[in-house]
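Beneath this line is the structure, given in structure tokens, with notes to follow.
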Amino acid sequence: MQTILDDGHGKRLVFLESTPQKLRFDEISKGHTRPVQPHIHLKQTQRFEVKSGTLAMRLGKKEQILRAGESVIIPAGIPHTYWNPYDQEVHVYIELEPALNYQRFFESVYGLTREGLLPSPHPLLGALLLNEYELYVQGLPILFQKVTFGILASVARTLGYKVWKPDYRALDSLATSDSTLISEPNSSIQRRSL
């Protein structure tokens, strides 16, 4: 069984596994998507494997291009972003270890995006989202973010802000008409690490 999210702007996720230890999913993005906000996971390792198309990434200050069959492992604590600057669609297999409730994070981001509340959220909503899922933006000291976003998130909760609603939940699907959405990691691909 798979669960599927669509942000309404040409990006969709197909969840393949969601346990406390690991989140595995496919991300399929149309051409010319904007970069994901540069961010840092302090407790998670992330693995990207390009199944088709080409993905641009920035890891720390280093930019690189991943093509079909290539992968990269991003250790916890490394600032990163990625995007599809090309005309063709890109299909990427992604793993997060440990999962840390990140399926719920993606449900929140996609639901807020569909409602038009992202990518430029109200500051209280943005602080609540980052605080709730222990995600940090690149360029601000982590301690500053923990304290400031923690305070703003408390205010947001008091005022009734929510980053997740039941209608944000990913849809269950027994099958998909596009068999390319079903991925397993390929042990013969070219791997890169930082």
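The values are calculated or read from the model by the stated rules, or taken from the named source; none is laboratory data. Note that the structure is predicted; figures quoted are calculated from it, not measured. Counting neighbours? That spans all protein chains shown, and the Cβs are built from the backbone with ideal geometry, glycine included. With ligands, DNA and RNA removed, areas are computed over all heavy atoms of the protein, side chains included. Shrake-Rupley method; radii C 1.70, N 1.55, O 1.52, S 1.80 Å.
Across the alpha-carbon atoms of region 39-85, the computed radius of gyration and Dmax are 10.4, 29 angstrom.
Multiplying the residue separation of Lys165 and His9 by 0.36 nm and removing their Cα-Cα distance gives an extension gain of 54.2 nm. Near the amide H of Lys22, within less than 5 Å, lie the amide hydrogens of Ala99, all on another chain or at least 5 residues away, with H placed in the peptide plane. The charge dipole of region 1-64, taken about the Cα centre with unit charges on the Cβ atoms of Lys, Arg (+1) and Asp, Glu (-1), comes to about 260 debye, rounded to the nearest 20. Extending 7 Å from Cα along the Cβ direction at His122 and again at Lys61 yields two label points whose distance is 3.9 nm.
Label separation (Glu115 vs Leu140): 2.1 nm, computed from points 7 Å beyond Cα along the C-beta direction. Per-residue extension of 0.36 nm, minus the Cα-Cα distance of Ala76 and Lys22, leaves a gain of 18.0 nm for this segment.
In sequence order, region 128-133 has phi-based couplings of 5, 4, 5, 5, 4, 10 Hz under the Karplus curve 6.51 cos²θ - 1.76 cosθ + 1.60, θ = phi - 60°, and Gly or Pro positions carry x.
Rounded to the nearest 20, the size of the Cβ-charge dipole of the chain about its Cα centre is 580 debye, with Lys and Arg at +1 and Asp and Glu at -1.
With semi-axes defined as the square roots of five times the eigenvalues of the C-alpha gyration tensor, the equivalent ellipsoid of region 43-159 measures 28, 17, 13 Å, largest first.
Net charge in the neighbourhood of Ile78 (other residues with Cβ under 11 Å of its Cβ; Lys, Arg +1, Asp, Glu -1) is +3. Exceedance of the 24 Å cut-off in Cα-Cα distance is limited, within the set Lys30/Lys162; Lys51/Lys162; Lys30/Lys51; Lys43/Lys146, to Lys30/Lys162; Lys51/Lys162. Placing dummy labels 7 Å off each Cα toward the beta-carbon, the span from Gln37 to Gln88 is 3.2 nm.
Annotation: per residue accessible area for the chain equals 51 Å², rounded to a whole number [probe 1.4 Å, protein chains only].
Leaving out ligands, DNA and RNA, and with a 1.4 Å probe, what % of the accessible surface on the chain is carbon or sulfur? It is 56 percent, rounded to a whole number.
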